[in-house]
Amino acid sequence: MSLKSVIIPVLIIGVGVFLSLDQFRSHRQWLFEKAPSFISRYVLEEKTQVRDTKKKGVILTQDELAKYDGNNGKVLYLAILGKIYDVSKGGKHYGPGGGYHFFAGKDGTKAFVTGAFNKEGLTDDVSDLSPADMLGIKEWQDFYEKDYKYVGKLIGRFYDTNGEPTQELKDARKAIKEGKRLKKLDADDKQLYPSCNSEWKSGEGGRVWCSDLSGGIKRDWAGVPRKYFKPGSTSYRCACIRNTGAPGDNPKSQDHKNRGDLDNPNFREYEDCEAESISCRLPTK
């Protein structure tokens, strides 16, 4: 309880008693009209400020966070991107002896995507991670936000002593935004050029093939399998491309050779596979 919330009601009562004197009778109606709004403005505002403060949570140092590793009690905290969560309800996983105990009492953000759970790997330094990795970290943070109780912020790499974001957190958020953009581009790309079905059998090798549902993309064409090299890349994925009609990236074109994407230089045929075959065998390794 703050001093303000105590003084305001006392003043109101004091003024009420004072105005009960006959010489101030003419001012009573004014007080009765103004008091409710006065109380609402100052007293209820004070309660709102307290509630908002609680919502913001605590601000801990790294040494303070380290005390919540479960070794000295049942309370378990971990941090990811500087935000602290209470994972006590998952004690069998995060407590001593649990499979994820190495996350307790620290910010081991980087390890969530690298899988390096040693001392060097359990770090909050994410400066060398790719946008895709950063998006993966954001998805982990969303998981904790949804399934566990938010506690507060960790002073250090991502938040200052006042709980305000540092430049490194702002950089991390930019990388996450870029990760989302790239993920959408990849999804759009796989919508345009669906992935092939594939299988591999010991002694027989592998096979890739196309259908009207390969890649999980329902469509009215099956296509043929091709090695898909994105510009500037030396790696490829198997994609099903149109072998009739207009090119996939310009489906409304009237000026085409009715060969779909067969002439696109980003697509290469599989060795020893007929150009129009919907299925290609892969050599054993």
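How much of the accessible area of region 155-231, in percent, comes from carbon and sulfur atoms when a 1.4 Å probe is used? Carbon and sulfur: 51 percent of the exposed surface of region 155-231.
In square nanometres, what is the average projected area of the Cα convex hull of region 191-285? Intermediate results must be reported in sequence, preceding the final value.
On the way: hull surface 26.2 nm².
Orientation-averaged projected area of the Cα hull: 6.5 nm².
What net charge do the residues around Glu168 carry, taking every other residue with its C-beta under 13 Å from that of Glu168, with Lys and Arg at +1 and Asp and Glu at -1?
Values: positive: Lys110, Arg157, Lys170, Arg173, Lys174; negative: Asp107, Asp124, Asp125, Asp128, Asp160, Glu164, Asp171.
For residues surrounding Glu168, the net value is -2.
The local environment of Asn266, defined by Cβ-Cβ distances under 13 Å, has a net charge of 0 under the rule Lys, Arg +1 and Asp, Glu -1.
The values are calculated or read from the model by the stated rules, or taken from the named source; none is laboratory data. On a predicted model such as this, the values are computed, not experimentally measured, just so you know. Ideal geometry is used to build each Cβ from the backbone, glycine not excepted, and the neighbour counts take in all protein chains shown. We work out accessible area using only protein heavy atoms, side chains counted, and drop any ligands, DNA or RNA first. Shrake-Rupley method; radii C 1.70, N 1.55, O 1.52, S 1.80 Å.
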